[in-house]
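Below is one structure, written out as structure tokens; comments come after it.
The values are calculated or read from the model by the stated rules, or taken from the named source; none is laboratory data. The structure presented is a predicted model; accordingly, all values stated were derived computationally and were not measured. Counting neighbours? That spans all protein chains shown, and the Cβs are built from the backbone with ideal geometry, glycine included. When the accessible area is computed, the model is the full protein with side chains, heavy atoms only, and any ligands, DNA or RNA have been set aside. Shrake-Rupley method; radii C 1.70, N 1.55, O 1.52, S 1.80 Å.
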Amino acid sequence: MKAFGHSGRPPRLKAVPDPRGEKRPPGAVPPSARKPAIMQEPVLVLNATFEPINVTAVRRAMVLMIKGVAQAEEIHHTQVHSASRALPVPSVIRLLAYRHIPQQTRALSRKNILLRDRNTCQFCSRTLPASELTLDHVVPRSRGGRSSWENLVACCYQCNNSKGDRTPEEAGFALARRPRPFTLHTSRQLMRLIGNKDEKWRKYLFY
């Protein structure tokens, strides 16, 4: 899909009149087709070779399509509307040019640590919203512990307070799993988990 207009910028989404006479906000879809937070729904990203490499949000996926960087391989039945046309919402997109994926694909961040650990406290194994989780240094910083993939884990506030400035062994805790860097293998495991909810992903992930 090529960029719209001479500027190459994505089209602006404008309010579309509702059949009942009300104006819908930019990017809205008819009530019959509307889904909660559709622009934040996950989209599977394939390399040019059809290899799954990432998960992004609908909004970002549509920008890549409009810019001509990617094309839709699978779509939802839902649409969003610009001033002049209806745009299908993608479920799976494919990059048109091959992208080399390095061994380490994600930056060290709170968001990615929680994603790697699936929003699950690594000491009590409770799965919680991100707002109810923090990061814990397995080896405390006061003991020389570094802020690294191998030393940071998702942790609920209760376990974090109970552990305090101690190692898991000293606190009588056991890690649910050994913390590892977020690799492409880790990403694919998460893609498969999400793919269980979207049958359109399965033929690209389960082989």
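Given 0.36 nm per residue, what is the gain on full extension from K200 to E73 after removing their alpha carbon distance, in nm?
Result for the pair: 44.8 nm of gain on full extension.
Working out 0.36 nm times the residue gap between S148 and K111, then minus their Cα-Cα distance, what length gain in nm do you get to one decimal?
12.0 nm
If each residue of separation counts as 0.36 nm, what is the full-extension length gain between T127 and A97 once their alpha-carbon separation is subtracted?
7.0 nm is the gain from fully extending T127 to A97.
Over the stretch 92-207, with the other protein chains present, what is the accessible area per residue in square angstrom, probe 1.4 angstrom?
For the stretch 92-207, the per-residue accessible area is 60 Å².
Based on the alpha carbons, how large is the Rg to Rh ratio for the stretch 66-129 when Rh follows Kirkwood?
1.15
Students often forget the sequence filter, so: which aspartates and glutamates lie under 15 Å Cα-Cα from K111 once same-chain residues fewer than 8 apart are removed?
Within reach: E132, D136.
What distance in nm separates the simple spin-label points at E51 and R192, each placed 7 Å from Cα in the Cβ direction?
Using points 7 Å along Cα→Cβ, the separation is 1.7 nm.
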